[in-house]
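A quick write-up on the structure given underneath.
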Amino acid sequence: MRYAMVIDTLKCVGCSDCVVACQTENNVPHGFCRDWITEAVSGTYPNIELELRSERCNHCDNAPCVRCCPTGASHIVEGGIVLVTANECIGCGACIESCPYDARYQHPDGYVDKCTFCHHRLEKGQLPACVSVCPTKCMYFGDLDDPNSEVSQLLKNRKYKTLAPEAGTKPHVFYLI
Amino acid sequence: MQEELFTSGRNIPNIDPSLQIWHWPISLYLFLGGLAAGILFFAALFYILGKENEYPAAVKVATIVPPIALTIGLLALVYDLTHPLYTWQLYTTFRIESPMSWGAWVLLITTPLSFLWTFSFYRDAFPKIEAKLNVFKKLKFLDKFEKFIISNRLYIAYTLIPLSIILGVYTGILLSAFNARPLWNNAILGPLFLTSGLSTGAAAIILLSKNIKERHMFSKIDLALIVIEIALIIHMIMGYHAGSQVHLEAMELLVGGEFTLMFFGFVILLGLLVPAILEAIELLGFKVPVVVPAILVIIGGLIFRFIMVEAGQLTRYLY
């Protein structure tokens, strides 16, 4: 079992529905978010290209946040999901410093918080909140270990990239390009 | 030509600015930890070599600094935590891959040992204070306790040598373990912070020493450490220079960027080169107040920690 998210940048319109769905589902405190939209424009006028990406924790295989956590609050559960146990977290901020994706933030209650791939919803057999609300259906979620799953098939047939692969983190959010 | 025009969408008021989450307490602690490690290392070393009467400031007097420095440093660390009531969670586990876990455990052992060390020399090094306070007369059991510590002092010294080295190196490794911050992510930061810590320790001993022979000895040690430190800084810059794009961008902060004046002016020039020259001139027999290079080294070490902590958090992977 290895959960992964595949996001089609060609279908994403940057509506931020995923952001709001996550904030609502996970009671994210006002002013914070666990996922966000990045608009990257590259090229020289008039040949410019716009890429829209819904970004979040990459649930890395080689997670620097888990490595540097002094208490073990940051840990990896079955399916490769990186979670934080709030009452083991001392709020030292080492994991925030170690994340190349800036995916973590300090919750106003003190502990560090981040995307959980909606672990509580997966347990009930539901999709993560962001995936389930996407109006363009540009987000896919599933098991990479299953070669017939939708995400495996997409990665087999489409061109994709991950963010900052040079950081060596083996991220598990893939972007179709 | 490819050129990134803009990256937006992360205008999240409570996240983006707060990514710079390590502030002055961390810098202060890294400095105090290094200073304490330096003094404890020299105290233990010269005690083991049997030179406590030859170098009384190093072995006895200056050891008043580490307990104070470590206490302030620890308070600063806890102050910087956002979930401080859970600090005890550090001591429910040992995580071998986490430098902070190493640091927490080393501090747990080193801090009490530094108190015991100072206590065991208290009557010897500070007879005037004791004459005023009369602590030993008021609390009779202290006599026995002192005897016990003194009889075990050699073991404490042997323990303090590796512990102080780990403490000094760890202040650097703490930062260098984060590959997401390219300025920190180099293997030389551990030895560099250790050298800087030993150097500030030697400078503190020079400040507190009243004996010219001892001051000269520590001037020589400090001079050697400054030379090593400059060599390590050159290696660090070379490492960035030969590194990938993110490392080049990290280097630009120190060389040509916004931290240039602070780094070259206050750390390299005033914190290393000027005190090295003054110490060398003094050793050649000219009259130079030794307080000046010693204070410059200490302030330089402090500014160096601030620059590294602040600048490091500005560097990141771009994608």
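For the reader, a short list of remarks on this structure follows.
- Tallying residues that are of a type in the set (Ser, Thr, Tyr) and surrounded by fewer than 20 Cβ atoms within 10 Å (Cβ to Cβ) within the stretch B:227-276 yields 2.
- Restricting A:Pro100, A:Pro29, A:Pro64, A:Pro46 to those that are surrounded by fewer than 19 Cβ atoms within 10 Å (Cβ to Cβ) and in contact (Cβ under 8 Å) with a residue 40 or more places away in the chain reduces the list to A:Pro29.
- All of A:Asp102, A:Asp146, A:Asp61 fail the test of being of a type outside the set (Val, Ile, Thr), on the phi > 0 side of the Ramachandran plot and either modelled with pLDDT under 95 or outside any helix (DSSP H, G or I) (or both), apart from A:Asp102.
- In the stretch A:105-112 there is at least one residue that is surrounded by 22 or more Cβ atoms within 10 Å (Cβ to Cβ), within 13 Å of chain B (Cβ to nearest Cβ), within 22 Å of B:Pro182 (Cα to Cα) and not polar (S, T, N, Q).
- When each of A:Gly91, A:Gly72, A:Gly31, A:Gly43 is tested for being assigned to a loop (DSSP other than H, G, I, E, B), farther than 20 Å from B:Phe178 by Cβ, facing another protein chain (nearest Cβ under 7 Å) and of a type outside the set (A, V, I, L, M, F, W, C), the lone residue that passes is A:Gly31.
- Pairs linking a residue in the stretch B:158-171 that is in contact (Cβ under 8 Å) with a residue 40 or more places away in the chain to a residue that is charged (D, E, K, R), with Cβ atoms under 9 Å and 6 or more positions apart or on different chains, are B:Thr171/B:Arg305.
- Top-ranked residue in the stretch B:81-121 [being part of a helix (DSSP H, G or I), over 20 Å from B:Ile48 (Cβ atoms) and touching an Asp or Glu at 6+ places or on another chain (Cβ under 9 Å); ranked as farthest from the other protein chains (Cβ to nearest Cβ)]: B:Thr92
- Condition check for A:Arg53 on (1) more than 7 Å from chain B (Cβ to nearest Cβ); (2) buried (at least 24 other Cβ atoms within 10 Å of the Cβ); (3) charged (D, E, K, R): one failure, at (2).
- Assessment of the stretch B:71-80 against the conditions (in a helix (DSSP H, G or I), away from chain A (no Cβ under 12 Å), at pLDDT 90 or above and buried (at least 23 other Cβ atoms within 10 Å of the Cβ)) yields at least one matching residue.
- For the stretch A:142-159, a residue qualifies if it is surrounded by 16 or more Cβ atoms within 10 Å (Cβ to Cβ) and within 30 Å of B:Val246 (Cβ to Cβ), and the qualifying residues are A:Leu144, A:Val151, A:Leu154, A:Leu155.
- Check on B:Glu130, acidic (Asp, Glu) and under 23 Å from A:Gly93 (Cα atoms): no
- Of the criteria (1) surrounded by 19 or more Cβ atoms within 10 Å (Cβ to Cβ); (2) at pLDDT below 95; (3) more than 8 Å from chain A (Cβ to nearest Cβ), which one B:Gly50 fails: (1)
The values are calculated or read from the model by the stated rules, or taken from the named source; none is laboratory data. Note that the structure is a prediction, hence the values are computed from the model and not measured. Note: ideal-geometry Cβ built from the backbone for every residue, glycine included; neighbour counts use all protein chains shown.
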